[in-house]
Amino acid sequence: MTENRDTAGVIAPPPLIALAAVLIGVALDWLLPAYVLTVLLSLQVRIALGVLLMAGGVALAISGRSTFVRFGTNVNPYKPSSALVTTGIFAHLRNPMYVGLAFLVAGIGIALASDWTLVMLVAAALLIHFGVVKREELYLEAKFADAYRRYKSQVPRYGWPWHRVDHHRE
């Protein structure tokens, strides 16, 4: 007998996926250093760019989280969504917390000159896209129906404008 749960059934907590990307990336840099970032960017540029990306990532994540809290819906993807949030940062992108995580991981990778962390970020982004975001979208569409479909058609998933070009392939 299958139990019907009011959650998206995500594959893993997104912060854990991001943390794994950083830890695996740093470990691979220790085992198989590539030195690409070290050669391409000076220490000062790496630190400045890294800090900017980390700050932007944290700002996006905090903005998304605080908007969820303000609307009384769960931030934890293992708990039910009680509201469809479409205002604040969510009026501009549907997944600010995940974009924020990606910026944070990229910033850490660049600041540490961890080439492998950037490679692992690609793997983490794909895992979050297919194992978290796509599942959440199915869940939200089932739960909020036309309201979510309208929102999905108007607001880009990750904030870049060409989302409408591939909208029909989602």
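The calculated Kirkwood hydrodynamic radius for region 14-99 is 15.3 Å, given to one decimal from all distinct C-alpha pairs. Judged by the gyration tensor of its Cα atoms, with axes a ≥ b ≥ c, the chain is prolate; a/c meets the 1.5 cut and a/b is the larger of a/b and b/c.
Axis angle, to the nearest 10 degrees, between helix 43-71 and the longest C-alpha principal axis of the chain: 20 degrees. Surface analysis of the chain yields an accessible area of 58 Å² per residue, using protein heavy atoms and a 1.4 Å probe.
Scaled to the globular estimate 2.2 N^0.38 Å, the Cα spread of region 53-142, given as radius of gyration, is 1.15. 3J(HN,Hα) along region 81-97, derived from phi through the Karplus expression 6.51 cos²θ - 1.76 cosθ + 1.60 where θ = phi - 60°, amounts to 7, 9, 8, 8, 8, 10, 10, x, 4, 6, 7, 10, 7, 7, 10, x, 5 Hz, with x in place of Gly and Pro.
Of the residues Val122, Val58, Val69, which exhibits the maximal mean-square fluctuation in a Gaussian network model of the chain defined by a 10 Å Cα contact cut-off? Among Val122, Val58, Val69, the largest GNM mean-square fluctuation belongs to Val69.
If you line up the long axis of helix 115-128 against the longest principal axis of the chain, both from Cα atoms, how many degrees apart are they, to the nearest 10? The angle comes out at about 10 degrees. Between Thr7 and Phe130, residue separation times 0.36 nm minus the direct Cα-Cα distance comes to 42.7 nm. Its DSSP H runs of at least 4 residues, each contributing -39,500 (n - 2.57), put the calculated 222 nm mean residue ellipticity of the chain at -20500 deg cm²/dmol, to the nearest 500.
Helix 134-154 and the longest principal axis of the C-alpha atoms of the chain enclose an angle of approximately 80°.
The values are calculated or read from the model by the stated rules, or taken from the named source; none is laboratory data. As the structure is a prediction and not an experimental result, all values here were calculated from the model. Surface areas here come from the heavy atoms of the whole protein model, side chains and all, with no ligands, DNA or RNA. Shrake-Rupley method; radii C 1.70, N 1.55, O 1.52, S 1.80 Å.
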